[in-house]
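Below: the structure, in structure tokens.
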């Protein structure tokens, strides 16, 4: 029934509309029918000069009637035109959106057309003089249309002279800004050959006169300078000055301004980058025009003509600048918001103010590059990868399964997903030999990554190029303020040009860094760091998703043994003892742990299974850093903040970033977990001790940390916590099958921790960042007593395992030579300094133990345990 009424409504609407059209058409016919006899009477009995005058006036009146009909799109014959309010007063030009850092630096742009408007005062006046002298010498005298220039152009066309341009600057602005030739249709008459161009020119005249009635001459010429295309994706004078001369519009010299003005006649033909001779001749013509109009003296003109064109050319791309992965994350972050609010990130001219700090970002990028270069050297030596050799450069295949067996057809499967391989199959559908030749034997130039040179070109086969790029190790790093959720540094990988996929938001297993949630839930349920749990063998039946059946699961510690002792939770957490974490997981309940993780910021799906206590479910680095911020901020959760505010192109604030926080875990739990995290640096055998070797011992700052390493060392993590800043790093292969074979090289303390260490080292040495020096608050909850977290640490009396895994006694990193043999650590921090820093850090905290007990603890060998 409702469909019937809708159909009836639209049927009646169509009939009424057709009736109106018929009435208008009938009225026009009657008007013309009555007008013509009256008009003929005007000529009857008149002298010839009177008839001539009537004809002349009639043509002028008819011309203005025609323009009115074009402007109002009479009977849909001419197509729509911009009105005063719908276009002229609010012109919609494509402008680049700019991204600014928290310290006020422009870090990049989003654009389809790279255009950033400037004010009249921000441009060298000589540019405007050159523009007017060359393009529109009567600019200040006409009303948008230059009759003298129009008649001159008509005369040149009739006499077949070299035609001059008849368009004024205002007309060119109308063409550039409103895109009459593409954006606005030419109606029904535009389909008739010859009439389309007449209608287009008519619209340009109409728009030009409208612009002259609304804007001043200064505003018009500024709008023109901001919209004109200078070639090489340089729209507007600001981008053009930057692209061709690496300067600002205000600092353009006269001869540089003349070069840019000269390009406007034909941007390709007079382009100084590709046609320097044509550009030089055209520039000199512009200088001559300036002399002819009195804007240059003869001496100045001649001297400027002698100056050669000196370019500082660089085309700005969307991905130029700093923090490229972060900017791509911003684009994804704002995608839905722009759609909901009617903005286009690439053309609306937004000013986006972000949380990133360019100085901290540089420290982060430098730290990642420094550490990953060494990790890659170790990985190459570990597997026998010699990238400088042209043949036999890959001695062993590093893609291996859990049983350390080479995965067959691993590279082939990657190749089959690539566009070039699909193109080969399409080209040679019945000829596999040709496919294999072009894939495995044909050497050709390939762009690959190099740590020292960036992107380089090498001659190699397609198969080798995949192997070359696949055997790189990757990283991610995030620094976040726990009190606000503001992201201060973001490193998505080692090189954006080579790997666009952002590892900050990649889903990977977190390993023992996930134990934070297990122990936090234990604190929620009333346990304390000084409560004990036994380190002993555990076995349970679990459902194996791969085998689709129940199997016996026996989680092991990193050293392959169990002490059998009851261990304080703070020691078990610091040493990353897996048996205790699994036992706590069963005791607290996996579902409760999942709930706690979700409250603290984990949004990825988490599997309800016992291995979750050891970090078996995938999460992202951003989520983990955000969750660790909850502990640093005394149990409050803030969503990650990337953007603080957005202004539209007119300077109006249209977006403000989130500032709300929520208490998601009790303060008591957060405080006790702060003590647990600090234990990673203080406790004997703590897996995060080496952090102090990088950062040093700051008496005004406290640090905590947690390492994580997954099965087969596929994923290595480190999370660093201080009261005002939380950092996190991940290191691993692009594919989980690409990894180190030993924990001595592949664990979180060896690979991920140094990235955080180098970053914090630079940050805390910089006096500009004193605000990040802070200690955790003293307990202000009467329910928290010293005996909950100040107790003797555990030291094993059992057989010692001297394999150093994730627990660092010496701060010496493992570095390998080309034969895979260990070499000395070139790091500036020595073992002695690191141990001294660690001891001093522990001494600053009075635990109430006797000197005798402290001496005994210091002399005991630390138990070394690895993470799963």
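The values are calculated or read from the model by the stated rules, or taken from the named source; none is laboratory data. Being a predicted model, the structure only gives us computed values, none of them experimental. Cβ: placed from backbone, ideal geometry, glycine included. Neighbour counts: every protein chain shown.
List of remarks:
- Residue match in segment 383-390 (condition: assigned to a helix (DSSP H, G or I), in contact with a strand residue (DSSP E or B) (Cβ under 9 Å, 6 or more places away or on another chain) and within 16 Å of residue 470 (Cα to Cα)): yes
- Residues in segment 719-737 include at least one that is closer than 20 Å to residue 704 by Cα and surrounded by fewer than 20 Cβ atoms within 10 Å (Cβ to Cβ).
- Candidate set from segment 693-707 (those that are touching a helix residue (DSSP H, G or I) at 6+ places or on another chain (Cβ under 8 Å) and in a loop (DSSP other than H, G, I, E, B)); member that is surrounded by the most Cβ atoms within 10 Å (Cβ to Cβ): 703
- Residue within segment 346-366 that is in a loop (DSSP other than H, G, I, E, B), under 17 Å from the mean Cα position of the chain (by Cα) and within 25 Å of residue 470 (Cα to Cα) present: no
- Matching residues in segment 403-419 - criterion: being exposed (fewer than 10 other Cβ atoms within 10 Å of the Cβ) and either in a helix (DSSP H, G or I) or touching a helix residue (DSSP H, G or I) at 6+ places or on another chain (Cβ under 7 Å) (or both): 419
- Where residue 625 falls short, out of the listed (1) crowded, with 22+ Cβ neighbours inside 10 Å; (2) farther than 30 Å from residue 356 by Cα: (2)
- Residue selection: residue 482 satisfies the criterion of being within 22 Å of residue 636 (Cβ to Cβ) and outside any helix (DSSP H, G or I).
- Every test in (1) within 28 Å of residue 356 (Cβ to Cβ); (2) over 25 Å from the mean Cα position of the chain (by Cα); (3) part of a helix (DSSP H, G or I) is passed by residue 776 save one, and that test is (3).
- Here residue 393 fulfils each of the conditions (1) surrounded by 14 or more Cβ atoms within 10 Å (Cβ to Cβ); (2) in contact with a strand residue (DSSP E or B) (Cβ under 8 Å, 6 or more places away or on another chain); (3) within 21 Å of residue 99 (Cβ to Cβ) apart from (3).
- Lone qualifier among 252, 287, 260 - being surrounded by 21 or more Cβ atoms within 10 Å (Cβ to Cβ) and more than 17 Å from residue 313 (Cβ to Cβ): 287
Here is a yes/no grid of residues against (1) more than 16 Å from residue 206 (Cβ to Cβ); (2) exposed (fewer than 11 other Cβ atoms within 10 Å of the Cβ); (3) at pLDDT 70 or above:
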position: 30; (1), (2), (3): yes, yes, yes
position: 34; (1), (2), (3): yes, yes, yes
position: 42; (1), (2), (3): yes, no, yes
position: 46; (1), (2), (3): yes, no, yes
position: 54; (1), (2), (3): yes, no, yes
position: 59; (1), (2), (3): yes, yes, yes
position: 62; (1), (2), (3): no, yes, yes
position: 66; (1), (2), (3): no, no, no
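- Of the residues making up segment 708-720, those that are within 14 Å of residue 515 (Cβ to Cβ) and outside any loop (DSSP other than H, G, I, E, B) number 5.
- Cβ-Cβ distances below 9 Å connect the following pairs, each with a first residue in segment 787-800 that is within 14 Å of residue 676 (Cα to Cα) and in the same structural domain as residue 559 (by TED's automatic domain parsing), a second residue that is at pLDDT below 85 and not in a loop (DSSP other than H, G, I, E, B), and a separation of six or more residues or different chains: 792/853; 792/857; 793/857.
- Qualifying residue in segment 489-508 (condition: assigned to a helix (DSSP H, G or I), in the same structural domain as residue 594 (by TED's automatic domain parsing) and out of contact with any strand residue (DSSP E or B) (no Cβ under 8 Å at 6 or more places or on another chain)): yes
- Criterion: farther than 14 Å from residue 315 by Cβ, out of contact with any strand residue (DSSP E or B) (no Cβ under 8 Å at 6 or more places or on another chain) and either crowded, with 23+ Cβ neighbours inside 10 Å or at pLDDT below 70 (or both) - qualifying residue of 186, 213: 186
- Any chance residue 446 is part of a strand (DSSP E or B) and not assigned by TED's automatic domain parsing to the domain that holds residue 674: yes
- Options 589, 601, 685; residue that is within 24 Å of the chain's Cα centre (by Cα) and at positive phi: 601
- Residue count, segment 128-141 (criterion: surrounded by 19 or more Cβ atoms within 10 Å (Cβ to Cβ) and farther than 10 Å from residue 169 by Cα): 5
- Among the conditions (1) more than 25 Å from residue 398 (Cα to Cα); (2) in contact with a strand residue (DSSP E or B) (Cβ under 6 Å, 6 or more places away or on another chain); (3) part of a helix (DSSP H, G or I), the only one that residue 468 does not satisfy is (1).
- Among the residues of segment 639-673, those identified as part of a strand (DSSP E or B) and in contact (Cβ under 8 Å) with a residue 60 or more places away in the chain are 641, 643, 644, 645, 646, 647, 654, 655.
- Across segment 501-535, the qualifying residues are those that are in contact with a helix residue (DSSP H, G or I) (Cβ under 6 Å, 6 or more places away or on another chain) and free of Cβ contacts under 8 Å to residues at least 60 places away in the same chain, and the one among them that is surrounded by the fewest Cβ atoms within 10 Å (Cβ to Cβ) is 531.
- Across segment 198-218, the qualifying residues are those that are free of Cβ contacts under 8 Å to residues at least 60 places away in the same chain and assigned to a helix (DSSP H, G or I), and the one among them that is farthest from residue 63 (Cα to Cα) is 213.
- Within segment 76-87, being surrounded by fewer than 19 Cβ atoms within 10 Å (Cβ to Cβ) and modelled with pLDDT of 65 or more holds for 77, 80, 87.
- The requirement of being in contact (Cβ under 8 Å) with a residue 12 or more places away in the chain and either assigned by TED's automatic domain parsing to the domain that holds residue 694 or out of contact with any helix residue (DSSP H, G or I) (no Cβ under 9 Å at 6 or more places or on another chain) (or both) is satisfied by residue 369.
- Of the numbered criteria (1) under 35 Å from the mean Cα position of the chain (by Cα); (2) at positive phi, the one residue 392 fails is (1).
- Of the criteria (1) at pLDDT 95 or above; (2) more than 28 Å from residue 683 (Cβ to Cβ); (3) touching a helix residue (DSSP H, G or I) at 6+ places or on another chain (Cβ under 7 Å), which one residue 608 fails: (1)
- Scan of segment 601-619 for residues that are buried (at least 23 other Cβ atoms within 10 Å of the Cβ) and either without any contact (Cβ under 8 Å) to a residue 40 or more places away in the chain or touching a strand residue (DSSP E or B) at 6+ places or on another chain (Cβ under 9 Å) (or both), ordered by number: 615, 619
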